[in-house]
Every structure is written in C-alpha cells, then in structure tokens.
Amino acid sequence: MITLKDIQPGSSAKVRKVGGEGPTMRRIMDMGITKGCTVFVRKVAPLGDPIEISVRGYELSLRKGDAAHIIVESQ
Amino acid sequence: MAHTIALAGNPNSGKTSLFNELTGSTQYVGNWPGVTVEKKEGHLKQDRHYVVIDLPGIYSLSPYTLEEVITRDYLVDGRPDVVINVVDATNLERNLYLTTQLLETGIPVIIALNMIDIVEKRGEVIDAPALSLATGCPVVETSAVTKRGLKELINVTKNRIEKGGSPTILATFSQSTEKAISAIHAEIADTVPPELLRWYSVKLFERDEQVQQRVALSETQLEHIENIVKAVEEEHDDSAEGIITNDRYEYLSSIANRVHTNRRALGTLTTSDKIDRIVTNRFLALPLFFLIMWGVYYISIQSVGEFFIDSIELLFGDIASDTLGVWLLNVGTHPWLVGLLVDGIIAGVGAVLTFVPQMMILFFFLSFMEDVGYMARVAFIMDRIFRKFGLSGKSFIPMLIGTGCSVPAIMATRTIENQRDRRMTIMLTPFIPCGAKLPVFALLVGAFFPNSAWMASSMYLIGIGAVIVSGIFLKKTKAFAGDPAPFVMELPPYHMPRFKSVLLHMWERGREFIKKAGTIIAVASAAIWVLQSTSWSLQFVETQHSILASIGRFIAPVFKPLGFGQWEAAVATITGLLAKETIVATFGIVLGLGTVAEGDPSLVASVSQFFNPVSAYAFMIFTLFAAPCVAAIGATRREMNSVGWTATAILFQTGVAYFAAMVVYQVGSLLFL
C-alpha cells in the first residue's frame with residue numbers, strides 16, 4: 001500500500017482513499033484531496049517536513065504524518 | 001427597511017479588498033458575540049440602506065473551526081438577504097466548494113468572480129454565463145484591485161434582494177447520496193423550517209454533532225437516519241463526510257472542466273514557482289529568511305526608525321513639555337496640575353509614541369511580507385521546528401510580529417485554527433522581547449556591559465529558548481496534551497500587493513498600539529504621577545515619601561532573592577505593567593533625575609550605582625518574562641475570551657520570570673561576584 005508520504009517530489013499520484021478521521025482529515029478533504037483526484041508532489045520543506053503538493057490547480061502544504069493517511073496509486 | 005448583504009469566501013479570495021471597496025469608510029470592526037473572531041460591518045457606499053457584513057475567510061462549513069461555525073450559525077440564524085460569495089477565479093474548483101455549501105443554507109447567493117483580470121492575463125477563459133447556468137447563481141466578473149465589475153455587482157445584488165425567493169437547489173451529490181438525503185428530508189420535514197431542509201439533511205447525513213444537537217429529533221428518528229447513512233457508507237466504502245466531500249468535488253470538477261478553458265498545463269513553471277525555487281530551497285531557505293529579517297530590523301529599528309524617534313522626542317520633550325510647561329506656569333496654573341499634565345501625561349504618552357514610527361515601519365514590512373505570500377512560506381519552512389514543541393509553523397508569525405509589539409501579535413494568533421495551539425501561542429508570544437522592552441535593555445546594557453554586543457541580543461535568544469522550553473513543558477500538562485496541531489495550509493501564489501492595502505494592513509496592526517498610548521497609557525501615566533508625587537495624606541511630596549514609594553517598600557522584599565529588593569526597582573516593575581518602556585522613565589524619576597531618556601549619561605551613572613552586573617541582568621530577565629503590559633494583558637483577555645485563561649497566562653509568565661531571574665541572580669552571584 002502506497003501513501004502520499006511515499007511519493008517522491010516531482011511525481012504525481014492518484015488518490016484512492018483518504019483514511020483517518022476527525023478535523024484534520026476533514027480539512028484535508030475540504031481542501032480538495034478526495035478520492036480520484038490527482039496530486040503532484042512539488043517539494044519537501046528544507047527541514048524534511050512538511051511537503052508541498054499541487055491539487056486542483058493550487059498549492060497546499062501538509063505534514064508527512066497526515067500524508068501517510070492518504071492512500072494513493074503512483075502514476 | 002435595511003437589507004443585509006453577507007460577504008463570504010475563502011481566505012485569499014480578495015474578500016477584504018472587496019469589502020473595503022463596497023463600504024468605503026463606513027466600516028465598524030467588532031467581535032462576533034461570545035467569541036474572539038473579528039466581525040466587520042459597514043454600509044454600502046452608494047446606498048446606506050444596505051448593511052454589508054464581512055464573514056470570516058473560510059474553506060468550508062464544517063463544524064471544526066471557530067470561523068466556520070460562526071459563519072454557518074450566522075447564515076442559519078441571522079438569515080442575511082443575500083450572500084455575495086467572493087470566488088477566486090484563479091482557483092475555481094476549491095472556491096466553488098464553499099459555494100455549494102452556501103447554497104444549501106437556502107439564502108440567495110451571488111458569485112463575485114474575483115481576480116478575473118489575473119485569469120485573463122494568463123490567457124485562460126472562464127465562461128461566466130455558463131457558470132451562472134451551472135450554479136443557478138448570478139455571476140459577476142470583478143476585480144477589487146481595478147474596481148472592475150463593482151457597480152454591476154451592486155446592481156445585481158439589489159435586484160436579487162428585490163426579487164426575493166430561495167435559490168435553486170443543486171443536486172450536487174451522486175444518485176444514491178441524493179436519495180438518502182431525500183429520505184432524511186422526509187424524516188425531519190416537520191421539525192425544521194422548509195428553507196433549511198436541505199441544509200439540515202446534508203448535515204445530519206454527515207453526522208454533524210452540532211446540528212444533531214440543534215434539531216430536536218427523537219431516538220427513532222436518529223436511528224432511522226443512522227440506518228440510511230450506514231447503507232450509503234457501505235455502498236461507497238467511505239465515511240459519510242468523505243462521500244459528501246467527494247461528491248461535491250466531482251460535481252465541481254465537471255463544472256470547472258466545462259466553464260474554465262485554455263487552462264495552463266500542469267507543471268508549467270510560473271513566476272511564483274521560480275521565486276519558490278529559491279525561497280524554499282533546501283540550502284537557501286533559512287539563510288535567506290534570516291537575511292530578510294535582519295534587513296527588516298535594520299531598516300525599521302535602526303536607520304529610518306531612529307530618525308523618526310529623534311524627531312518625536314524633540315516634539316514631546318523639548319517643544320511640548322518644556323515650552324508648554326513654562327507657558328502654563330506663566331499664566332498662573334497650579335504647579336501640581338502642570339506636573340500632572342507635563343511630567344505625567346505628556347511625558348508618559350510621548351514615551352510610548354516615540355515607538356510608533358519604528359513599530360509602523362516594522363508592521364509595514366511584516367504586512368508586505370504577508371500580503372506578498374512570504375509569511376506562508378515562513379510557516380512552511382519553520383513548521384518542523386515548531387512541531388517539536390507542540391505548535392505549528394503558523395505560531396511563528398505571531399512571534400515574529402511580537403518582536404514589534406505583543407498586542408498585534410496576540411491578535412495575529414487568529415490564523416491558528418486549533419484552540420489549544422492558539423492559547424499556547426498567546427501565552428508564549430510575550431516572551432519574545434517587544435520593541436518596548438528594548439530601551440530597558442539598552443539602559444542596563446549601556447550601564448553595565450557597554451562593550452558587549454551580544455548582551456542585548458542575548459535577550460532574543462533567551463526569549464526564544466524560553467518559548468521552546470515552555471512549549472515542551474506546557475505540552476506535558478493536561479490542558480495542552482494531545483496530538484500535534486494539524487498543519488494543512490494553502491501556499492498562495494506570490495503576488496505584488498497594492499501599496500494601499502499594505503498600508504491599510506499596517507494601520508490595522510499599528511492602531512492598537514496608538515490607541516493604547518491615547519487611552520490606557522494616558523490614564524495610567526496620570527495615575528502613576530499622582531501616586532509618586534503625593535503622600536498618603538495627599539500632600540505634594542518628593543518621590544521617596546510618596547504613596548508609590550511606600551507600596552514599593554512593601555513589595556520590595558519579594559524581589560530580594562532576585563537581587564533587586566530595593567523599593568525603586570519594585571516601583572519600576574509596577575510601572576512596567578503599564579508599558580515596559582516606562583521602566584526607564586520611572587528609574588529617572590525614582591532616582592531623582594526627572595524626565596530622562598535611556599541614553600542619558602546621568603541616568604546611566606545612577607543606574608550603575610544602583611544595580612550590580614548580575615542583579616542588572618536578573619532585572620532584564622525579569623522584565624523579559626514578567627506579565628506583559630496592560631495593553632497586552634487586555635489583548636490576551638480578548639483573544640482568550642476567558643478570565644481564567646488570562647489569569648493562568650499572567651501567573652505562568654510571572655512565575656517563569658521570577659524563577660528565571662532568581663536562578664540568574666543566585667547562580668550568577670556565586671560565579672561572578
């Protein structure tokens with residue numbers, strides 16, 4: 001099982017499921033990371049965390065810990 | 001009758017600029033009842049019968065953040081006549097996500113397709129009529145910056161209010177979800193108002209606890225609904241919230257694909273990307289950040305700031321105090337009243353106002369950095385460090401502003417969604433030395449460590465260190481324990497802000513500081529002056545026989561373990577509560593020198609008799625951490641919205657101050673004296 005955390009900067013992935021629950025997961029979904037959408041991992045922050053991704057035409061940053069709950073298939 | 005127009009939209013959608021354009025100078029800024037989120041209200045510039053309310057910038061109407069809850073409660077209970085939904089045209093899909101939720105509240109929505117000029121500049125096309133058809137809302141292309149479409153927006157809004165009626169219901173969800181929602185409709189139709197039927201049904205489908213509590217449903221009804229929801233969840237193999245968000249976005253991406261054409265290809269390098277390549281580069285990010293901060297400080301505190309300070313000191317010191325004082329005495333005013341006015345109020349207010357230029361220049365740069373989009377990158381870079389002690393990168397911005405003044409810094413914690421995080425940031429921000437503490441450090445460093453460049457800077461390092469240690473410590477207490485705060489943050493593209501909006505932003509921050517000079521400081525300076533120049537029998541006396549001195553003598557023993565158990569230091573600590581910079585002025589007065597500035601040689605000489613190097617350093621440490629000034633305490637009270645929490649914060653800060661100063665004095669005395 002691959003999660004968004006495992007995707008290397010510069011490559012994209014398709015979201016299969018947003019796991020976990022509670023406010024953080026709801027926020028992640030509200031921001032447009034939902035089943036079936038494509039995300040592009042842009043970069044990792046200078047200190048190794050968080051990451052920056054492109055989703056639905058804009059840039060979003062989230063922590064690796066939260067990215068680990070987002071199950072993806074690499075493209 | 002007055003009509004109400006609510007402005008709703010995502011953060012960064014240009015909502016505030018639009019609000020400013022629509023309402024002009026009629027704005028009124030207050031708080032939403034019972035909470036600490038700012039509420040802005042105004043009248044339509046062209047027609048005062050229309051009230052415009054600026055709702056908080058939000059991404060969704062979930063029950064999880066304060067801003068979102070305020071917005072939805074307002075829409076459900078306040079029922080404005082119409083909602084102008086400010087949609088960032090450069091970010092259509094995610095902005096329309098909120099639109100679909102706004103429509104469910106049954107209030108007519110008008111879409112202001114804002115920043116359309118940027119979309120056009122990129123060579124992209126958004127078909128507004130098609131978007132209007134797809135959403136069932138009037139769509140007006142606007143640009144708050146160039147004032148395009150504003151007249152049309154007002155006309156369309158007025159027409160929509162006159163026409164009345166509810167908006168068309170969009171079948172946003174997949175078939176099976178819609179079916180389930182209809183079933184919930186049937187279940188609750190008798191208990192909720194018809195215009196809110198869809199809103200309540202969708203929220204009950206999401207198992208929104210706040211809505212569950214609001215709607216008085218029987219056990220059987222709740223059970224029926226639960227069964228309906230469970231069936232759909234099993235079918236989709238997803239949570240109810242997940243199904244709803246998915247369906248919304250799927251619906252929206254099909255709309256966006258239809259109306260938004262000529263889109264730039266994914267992976268095209270924009271100017272913003274090019275800037276980011278350098279600014280958030282692995283090796284350059286941190287050095288660049290420190291370089292920028294150094295530049296900002298150099299300009300605002302040192303070069304330009306100094307110049308303004310000298311001018312203001314001249315104005316308040318020589319011209320206002322001396323000339324006015326002499327004149328008042330000449331016309332026969334009682335010396336006591338002249339003293340109160342000149343040495344009390346004018347000197348006190350003047351001392352505070354000397355910081356205004358530095359503060360304003362600093363706020364100008366900080367506002368510029370925020371409006372450009374750099375602050376979001378700073379949070380992105382710093383998050384890793386701040387998470388280590390339980391905060392997120394978002395806490396860094398208030399602390400940065402705190403180097404100027406804690407009052408706007410505490411207000412800036414509003415961008416932190418998590419309540420726990422916000423509280424902790426409010427408690428710890430005053431540990432960062434603010435501009436008003438600098439003269440105190442300058443005085444004592446000048447007197448005891450004149451050749452040491454790092455003694456004053458050490459206060460910043462110790463302040464930052466205290467934030468880190470306290471963060472780790474507080475995280476272990478019950479009130480702050482728990483998972484680290486979420487950090488899901490939009491990184492808006494860089495853009496050159498308008499000069500006017502940066503100035504406005506700067507003014508919003510700075511005005512609190514000036515307000516404090518005009519109100520609290522003026523009254524407090526007068527009170528302190530009275531206390532220090534009268535005795536208990538209300539006679540006009542020298543300071544050492546005054547009420548203030550006797551209060552100082554009473555509490556002075558408390559400070560003995562810290563190395564400054566004299567009444568003069570105790571008095572300075574009390575006056576420091578009013579404003580930290582008054583500590584310098586107080587030393588001037590209690591040491592019998594009159595009104596003097598921190599660089600005055602006679603003051604430096606007296607102070608160096610009064611302290612020894614170790615007790616001076618302990619005093620600096622105490623000043624750094626102790627309960628902040630009344631204005632900051634007031635801001636803490638406002639933002640915490642709780643007397644208990646405010647008291648906790650003050651006790652914690654003062655406790656840290658006492659303990660740290662004691663350690664410094666006791667250990668320092670053993671080592672150096």
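The values are calculated or read from the model by the stated rules, or taken from the named source; none is laboratory data. Small disclaimer: the values here were computed from a predicted structure and weren't measured. Methodologically, a virtual Cβ is constructed for each residue, glycine included, from the backbone with ideal geometry; neighbour enumeration extends over all protein chains shown.
One table, with the values for the structure above:
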{"quantity": "Checklist (1) over 37 Å from the mean Cα position of the chain (by Cα); (2) at pLDDT below 90; (3) within 14 Å of chain A (Cβ to nearest Cβ); (4) under 25 Å from B:Val83 (Cα atoms) applied to B:Lys163, failing item", "calculated": "(3)"}
{"quantity": "Any hit, segment B:94-116, residues being within 14 Å of chain A (Cβ to nearest Cβ), charged (D, E, K, R) and either buried (at least 16 other Cβ atoms within 10 Å of the Cβ) or in contact with a helix residue (DSSP H, G or I) (Cβ under 8 Å, 6 or more places away or on another chain) (or both)", "calculated": "yes"}
{"quantity": "Some residue of segment B:611-633 being surrounded by fewer than 24 Cβ atoms within 10 Å (Cβ to Cβ), at pLDDT below 85 and out of contact with any Leu (no Cβ under 9 Å at 6 or more places or on another chain)", "calculated": "no"}
{"quantity": "Answer from B:Gly588, B:Gly592, B:Gly518, B:Gly576 - the residue that is without any contact (Cβ under 8 Å) to a residue 40 or more places away in the chain and under 28 Å from B:Leu314 (Cβ atoms)", "calculated": "B:Gly588"}
{"quantity": "Residue within segment A:37-50 that is under 23 Å from B:Thr100 (Cβ atoms) and within 10 Å of chain B (Cβ to nearest Cβ) present", "calculated": "yes"}
{"quantity": "All strands (runs of 3 or more DSSP E) inside segment A:6-75 with 1 or more residues being basic (Lys, Arg) and surrounded by fewer than 21 Cβ atoms within 10 Å (Cβ to Cβ)", "calculated": "A:12-18, A:38-44"}
{"quantity": "Residue ID - nearest to the other protein chains (Cβ to nearest Cβ), chosen from residues in segment A:10-23 that are closer than 25 Å to B:Arg207 by Cβ and of a type outside the set (D, E, K, R)", "calculated": "A:Pro23"}
{"quantity": "Residues that are over 30 Å from B:Glu581 (Cα atoms), at pLDDT 80 or above and surrounded by fewer than 24 Cβ atoms within 10 Å (Cβ to Cβ), drawn from segment B:391-427", "calculated": "B:Arg420"}
{"quantity": "Conditions (1) assigned to a helix (DSSP H, G or I); (2) modelled with pLDDT of 75 or more; (3) surrounded by fewer than 13 Cβ atoms within 10 Å (Cβ to Cβ): number failed by B:Phe283", "calculated": "(1)"}
{"quantity": "Tally of residues being among the polar types (S, T, N, Q), closer than 21 Å to B:Thr586 by Cα, in a helix (DSSP H, G or I) and out of contact with any Phe, Trp or Tyr (no Cβ under 9 Å at 6 or more places or on another chain) across segment B:496-553", "calculated": "4"}
{"quantity": "Filter result (under 32 Å from the mean Cα position of the chain (by Cα), within 14 Å of another protein chain (Cβ to nearest Cβ) and in contact (Cβ under 8 Å) with a residue 60 or more places away in the chain) within segment B:197-240", "calculated": "B:Asp208, B:Glu209, B:Gln210"}
{"quantity": "Residue match in segment B:170-191 (condition: of a type in the set (Val, Ile, Thr), at pLDDT below 95 and under 19 Å from B:Val139 (Cβ atoms))", "calculated": "yes"}
{"quantity": "Residue tally, condition β-branched (Val, Ile, Thr) and modelled with pLDDT under 70, over segment B:286-303", "calculated": "1"}
{"quantity": "Pairs with Cβ under 7 Å, 6+ apart, first in segment B:17-41 and modelled with pLDDT under 85 and of a type in the set (Val, Ile, Thr), second outside any loop (DSSP other than H, G, I, E, B) and surrounded by fewer than 17 Cβ atoms within 10 Å (Cβ to Cβ)", "calculated": "B:Val29/B:Glu38; B:Thr36/B:Arg638; B:Val37/B:Asn31; B:Val37/B:Arg414"}
{"quantity": "Hits in segment B:179-220 (condition: among the charged types (D, E, K, R) and in contact with a helix residue (DSSP H, G or I) (Cβ under 9 Å, 6 or more places away or on another chain))", "calculated": "B:Lys179, B:Glu187, B:Arg198, B:Lys203, B:Glu206, B:Arg207, B:Asp208, B:Arg214"}
{"quantity": "Residues of segment B:252-275 satisfying the condition of being in contact with a helix residue (DSSP H, G or I) (Cβ under 7 Å, 6 or more places away or on another chain) and within 11 Å of chain A (Cβ to nearest Cβ)", "calculated": "B:Leu252, B:Ser253, B:Ala256, B:His260"}
{"quantity": "Identity of the residue in segment A:12-36, of a type in the set (Ser, Thr, Tyr) and under 12 Å from the mean Cα position of the chain (by Cα), that ends up nearest to B:Leu98 (Cα to Cα)", "calculated": "A:Thr34"}
{"quantity": "Check on A:Lys35, modelled with pLDDT of 90 or more, farther than 11 Å from B:Asn246 by Cα and of a type in the set (D, E, K, R)", "calculated": "no"}
{"quantity": "Members of segment B:165-185 found to be surrounded by 12 or more Cβ atoms within 10 Å (Cβ to Cβ) and part of a helix (DSSP H, G or I), listed by number", "calculated": "B:Ser176, B:Thr177, B:Glu178, B:Lys179, B:Ala180, B:Ile181, B:Ser182, B:Ala183, B:Ile184, B:His185"}
{"quantity": "All positions within segment B:554-585 that are hydrophobic (A, V, I, L, M, F, W, C) and in a loop (DSSP other than H, G, I, E, B)", "calculated": "B:Phe564, B:Ala579"}
{"quantity": "Selection status of B:Ala447, surrounded by fewer than 19 Cβ atoms within 10 Å (Cβ to Cβ), in contact (Cβ under 8 Å) with a residue 60 or more places away in the chain and under 27 Å from B:Pro601 (Cα atoms)", "calculated": "no"}
{"quantity": "Out of A:Ile53, A:Ile28, A:Ile7, A:Ile2, sole residue that is touching a residue at least 40 places away in the same chain (Cβ under 8 Å), more than 9 Å from every other protein chain (Cβ to nearest Cβ) and under 29 Å from B:Asp208 (Cβ atoms)", "calculated": "A:Ile53"}
{"quantity": "Candidates B:Met640, B:Met662 - the one that is crowded, with 17+ Cβ neighbours inside 10 Å and either in contact with a Pro (Cβ under 7 Å, 6 or more places away or on another chain) or at pLDDT 90 or above (or both)", "calculated": "B:Met662"}
